[in-house]
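Have a look at the structure below, then the notes.
Readers should treat all values here as calculations from the given coordinates under stated rules, not as data from a laboratory. In this text the structure is predicted, and so the values were computed from the model without any measurement. Positions of Cβ are generated from backbone atoms using ideal geometry, with glycine treated the same way; all protein chains shown enter the neighbour counts.
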Amino acid sequence: MPTVIVVLAAVVVVAGLWAVAAFNGLVRVRNLVQEAWRQIDVELTRRHDLIPNLLETVKGYAAHERAVFDEVTRARAAATGGASNPAAQAQQEQALSQSLGQLFAVAENYPVLRASENFQQLASELANTEDRIAAGRRFYNANVRTLNTKVETFPANMIASMFGFARAEYFETQDAAERAVPTVAFALGSQPRS
């Protein structure tokens, strides 16, 4: 009889240690997801802060493009308003990206503006910020994948359901151009040189 009690006690201790390790693992991954989202938020805020300067620079050269300026301002206000979840934030950021595309299209019509040092610096900072947002999105989504895997796989899903751990949302772009496979076209009639 004492052997059975020792074996049962060992099983209970091992199960308890596993439950603690599983819980701590879920907490660690959830915190990584939250940290990654905060980093994306920092970069999105940086992006939002660059836009008024970019608008003012373009306005100096193309004051009659009022509709484009209003659209960028409206999209920026929506994006800075704070979305309830990553999917809503991605949608607002997509609208902002589209309006920025229109702003850069306007800038293309003004060679003096494109040559402006201030415009070039702001465009470069915005491009750098976009790259950092993309890197942050990859890091965030990798952590979301890890959390979702832990929340859904047995036996960790038992601990997840007992303590209220839930799946996290991916931060995905809705931009068809970003998702499209690039095409390669070769000019006809060109011969490789030997």
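Brief remarks on what is shown
- With 0.36 nm allotted per residue and the present C-alpha distance subtracted, the residue 34-residue 21 stretch has 2.7 nm of extension available.
- Note, ³J(HN,Hα) from phi for the range 63-79, Karplus 6.51, -1.76, 1.60, rounded to Hz, x at Gly and Pro: 4, 7, 8, 4, 4, 5, 4, 5, 5, 5, 4, 5, 5, 5, 4, 5, 5
- Cα centroid separation, the range 87-144 to the range 6-28 (Å): 48
- Pair-distance profile P(r), taking every C-alpha pair of the chain, with 10 angstrom steps and integer %: 8, 25, 22, 17, 12, 8, 4, 2, 1, 0
- For residue 106, net neighbour charge (Lys/Arg +1, Asp/Glu -1) across residues whose Cβ lies under 14 Å away: -2
- Residue (of 9, 100, 37) at the positive-pole extreme of the range 2-179, dipole from beta-carbon charges: 9
- Pair residue 121, residue 163: separation of 7 Å Cα→Cβ label points (nm): 4.9
- Stretch gain in nm, segment residue 83-residue 152, where the contour uses 0.36 nm per residue and the Cα spacing is subtracted: 22.2 nm
- Projected label distance in nm at residue 105 and residue 48, using a 7 Å step from Cα toward the beta-carbon: 2.6
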